[in-house]
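Contents: one structure, followed by commentary.
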Amino acid sequence: MKIVYYTRHIRDYSWVESIWKETGGVFCSDLPETAELFERNLPDVPFRFLPSSTKLTVGRKVGSRYGLAIKRKARRFQLVDVARQMNPDVIVTTSNHRHAIGRDWKSWLRQRGSTFPQVKQVQAFHGVSSKNVKFNPWMAEFDLLLLPGKRERDKFAALGILDKTQYALIGHPKSDAFLRGDLTQKETRQRYGLPDKTTVLYAPTHGALSSFFTWGLDICKAIPRECNLIVKPHPALITTAANEGTGEKTIEEIKNHLKERGALWLPLEPDVVPLMSASDILVTDYSSVAEEFLVFDKPLIFADHLANATGRDRLHRDKGDWKELFEAGLQVTEKDMFPAALEKVLLGLDEQRDARHKLRDYVFENLDGHCAERAAQAIKAIS
């Protein structure tokens, strides 16, 4: 069986790495920066670059709430392109946009006379976010959805999607090593050269929802010097800033502060799970790392920096369902509130533990250390 994993961004690799180790196969992407990162960081992983055309668009300038910039973006790649160029039996994708191979006559015309009915399509996603970007009717176009637990099952069921396609509740494959006891806090701290003391992980998301450019420096400065500090922004935040040539000032200010205090700056680290294992507290905003951190049963602080926003920023924030997630940690709606929230957590006051456990058990099913095996079995069963 020939299995191809389409991971548009390098961050997606860690989501399916453990599954790929069970099934074998080849990774591919249409982004040059992803190809470069695979070559540099994962030279032993089979990978093929599938070039795509680019287009000019107008969008928000990185690090700015109101500025606009002309951006060159890659055309949205379609799985029919993967099927045409790589001839697989199964394509496993981690991207949420509408890109499945169409099987009807309209798709036949749009896809240059191809529908590839023999190719099975698996949607593995690349996170468990409350942003709701994945819950769309066209997810029924895939042959199999790999779902982490009951929360996503219920949302897809409400859309009628699970009546039209197969699904499997797999859990959280990325955390298998931790759940089996193979990944420990002591080992991960040693891996990153961290002293054995309280460790805070700041992991902001990217785009309009990111707290990095508005609160990031203040958050870093509020972490006591007697704590380890790890800053792990979403990889797309850094690559987008580099491509657009904006946001450099804030990035340099934060990097200089981290260097001065001996903190870790790991913007392109492909897998956040070892960093979660090394940490005692997670500070994030609207990132899916919050849900992943539930597996570790440690306190969270949410930088809800758009809670009082208006206009477009408010619209971006309110696309997500944040109530249950924010109840699992401390929600900070003004940056001046952050030091007090952090002090409360550092004192060991964990009032959100019950809410955190309840949400963890709803978001993730079967946290038994065999999630990747379960996913692999589901993939092989559809072929």
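Residues in the stretch 319-366 that are within 18 Å of Ala309 (Cα to Cα) and under 21 Å from the mean Cα position of the chain (by Cα): Lys319, Gly320, Asp321, Trp322, Lys323, Phe326, Gln331. Checking Phe326, Phe364 one by one, the residue that is farther than 23 Å from Ser210 by Cβ and not acidic (Asp, Glu) is Phe364 and no other. Condition (residue is crowded, with 17+ Cβ neighbours inside 10 Å and touching a Ser or Thr at 6+ places or on another chain (Cβ under 8 Å)) applied to the stretch 155-172: is it met by at least one residue? Taking every residue of the stretch 155-172 in turn, none turns out to be crowded, with 17+ Cβ neighbours inside 10 Å and touching a Ser or Thr at 6+ places or on another chain (Cβ under 8 Å).
Val200 meets all of the listed conditions (1) farther than 19 Å from Pro339 by Cβ; (2) part of a strand (DSSP E or B); (3) among the β-branched types (Val, Ile, Thr) but one, namely (1). Would you please list the contacts, defined by Cβ atoms under 7 Å and residues six or more apart or on different chains, that run from a residue in the stretch 327-346 that is in contact (Cβ under 8 Å) with a residue 24 or more places away in the chain to a residue that is surrounded by fewer than 16 Cβ atoms within 10 Å (Cβ to Cβ) and aromatic (Phe, Trp, Tyr)? Close Cβ pairs (under 7 Å, with a partner that is surrounded by fewer than 16 Cβ atoms within 10 Å (Cβ to Cβ) and aromatic (Phe, Trp, Tyr)) do not exist here. Selection of the stretch 86-119 for residues being loosely packed, with under 15 Cβ neighbours inside 10 Å, part of a helix (DSSP H, G or I) and modelled with pLDDT of 95 or more yields an empty set. Check the stretch 24-37 and report whether any residue there is in a helix (DSSP H, G or I) and hydrophobic (A, V, I, L, M, F, W, C). Taking every residue of the stretch 24-37 in turn, at least one turns out to be in a helix (DSSP H, G or I) and hydrophobic (A, V, I, L, M, F, W, C). Criterion applied to His172, His206 was being within 17 Å of the chain's Cα centre (by Cα) and modelled with pLDDT of 95 or more, and the one residue passing it is His172.
Among the criteria (1) crowded, with 17+ Cβ neighbours inside 10 Å; (2) of a type in the set (D, E, K, R); (3) closer than 22 Å to Thr284 by Cα, the one Glu244 does not fulfil is (3).
Among the residues of the stretch 163-176, those that are in contact (Cβ under 8 Å) with a residue 40 or more places away in the chain and either on the phi > 0 side of the Ramachandran plot or assigned to a helix (DSSP H, G or I) (or both) comprise Gly171, Pro173, Lys174, Ser175, Asp176.
Counting only helices (runs of 4 or more DSSP H) that sit completely within the stretch 281-383, those holding 1 or more residues that are in contact with a Leu (Cβ under 8 Å, 6 or more places away or on another chain) and surrounded by fewer than 17 Cβ atoms within 10 Å (Cβ to Cβ) correspond to 311-317, 323-326, 338-346.
The values are calculated or read from the model by the stated rules, or taken from the named source; none is laboratory data. All values reported here derive from a predicted model rather than from experimental measurement. A quick note on method: Cβ atoms are made from the backbone with ideal geometry, for glycine too, and the neighbour counts reach across all protein chains shown.
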